[in-house]
Amino acid sequence: MLGMSGVLYPWVLGRPPTEVRAVRDALRATGLVSSCVVTVPLEAFMEPIWTDRTRSGRERIERTISTAAAAASELGTGVLMVPLAEDPAEANRDVQLEAAAHNLRIAANVAADNGMVIGIEPMKSLPGLLVRSISEAVAVIEATDHKSAGIIFDTGHASDTDGDVESAFAMAFPYMVLLQIVDQPGRVEPTTDSLPLIRIAAAALRRGYRGLVDLEHGWKDLSIAGERNGVESIKSFDAAVQDR
């Protein structure tokens, strides 16, 4: 048996109400919680709303976070993922990053009013996102200067954006609101093949992290036997983390 504390159901916004209710009821029946909720539906993921400093832009951000917080509350999660998309109409990235920090402060205020936090997740795998490295994410969160704003640290994305995952983790940890464990290449189950995942997870626990650890990956082998082997790899990973 592989014990779990929750599930990852990030795209609740835009899903059919019957499905959302079924997930909610299953979580309550099992005592599990949901991990982060993305603050916009999938079709709005790349809309550059987070760099809009107009009054209407502020109002839209406040509505967006309020709606996401209501959905997240039903699922028992306290982390709202904010996708910072670039604005193709603004060529100056520094201007966009400054606007993003300003708007994240607004979003964090609304999240805090609901007992939640927001998190940004730097990545290169999706073209058009504004924050492309852990160092940029740290700079934005420091400029945001709000205790309810932080970083979602995904080991797979950090490997792509920063290369040295352990150094990136050390940089991000003071601001980390959620840890996502993925091995590379291929975004597969945690093993010892590539990334120093055991050391990272053990360091997170040693330094006081008590949030969920998302296993946001596929399987190295997509067969039934491969899935079984993947579960055994996760068990071995968890045991190794606990032993450090």
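Some values worked out for this structure:
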| read-out | value |
| --- | --- |
| Where residue 170 falls short, out of the listed (1) open to solvent by less than 10 Å² (accessible area, probe 1.4 Å); (2) within 27 Å of residue 109 (Cα to Cα) | (1) |
| Selection status of residue 172, under 23 Å from residue 143 (Cα atoms), small (Gly, Ala, Ser) and at pLDDT 90 or above | yes |
| Qualifying positions in segment 75-98 - over 30 Å from residue 6 (Cα atoms) and part of a helix (DSSP H, G or I) | 93, 94, 95, 96, 97, 98 |
| Some residue of segment 124-143 being assigned to a strand (DSSP E or B), at pLDDT 95 or above and crowded, with 19+ Cβ neighbours inside 10 Å | no |
| 2 or more residues touching a residue at least 60 places away in the same chain (Cβ under 8 Å) and aliphatic (A, V, I, L, M): qualifying helices (runs of 4 or more DSSP H) within segment 151-244 | 224-243 |
| Meets criteria (more than 20 Å from residue 69 (Cβ to Cβ) and of a type outside the set (S, T, N, Q)) for residue 119 | no |
| Test result for residue 52, of a type outside the set (A, V, I, L, M, F, W, C), under 17 Å from residue 131 (Cα atoms) and surrounded by 15 or more Cβ atoms within 10 Å (Cβ to Cβ) | yes |
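Residue-by-condition table, conditions (1) open to solvent by 20 Å² or more (accessible area, probe 1.4 Å); (2) in contact with a Ser or Thr (Cβ under 8 Å, 6 or more places away or on another chain):
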{"site": "187", "(1), (2)": "yes, no"}
{"site": "190", "(1), (2)": "no, yes"}
{"site": "200", "(1), (2)": "no, yes"}
{"site": "203", "(1), (2)": "no, no"}
{"site": "217", "(1), (2)": "yes, no"}
{"site": "222", "(1), (2)": "yes, no"}
{"site": "238", "(1), (2)": "yes, no"}
{"site": "244", "(1), (2)": "yes, no"}
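The values are calculated or read from the model by the stated rules, or taken from the named source; none is laboratory data. Since we're looking at a predicted model, the values are computed, not measured. Backbone-built Cβ (ideal geometry, glycine too); neighbour counts: all protein chains shown. Note: accessible area is taken over every heavy atom of the protein model, side chains too, but ligands, DNA and RNA are not part of it. Shrake-Rupley method; radii C 1.70, N 1.55, O 1.52, S 1.80 Å.
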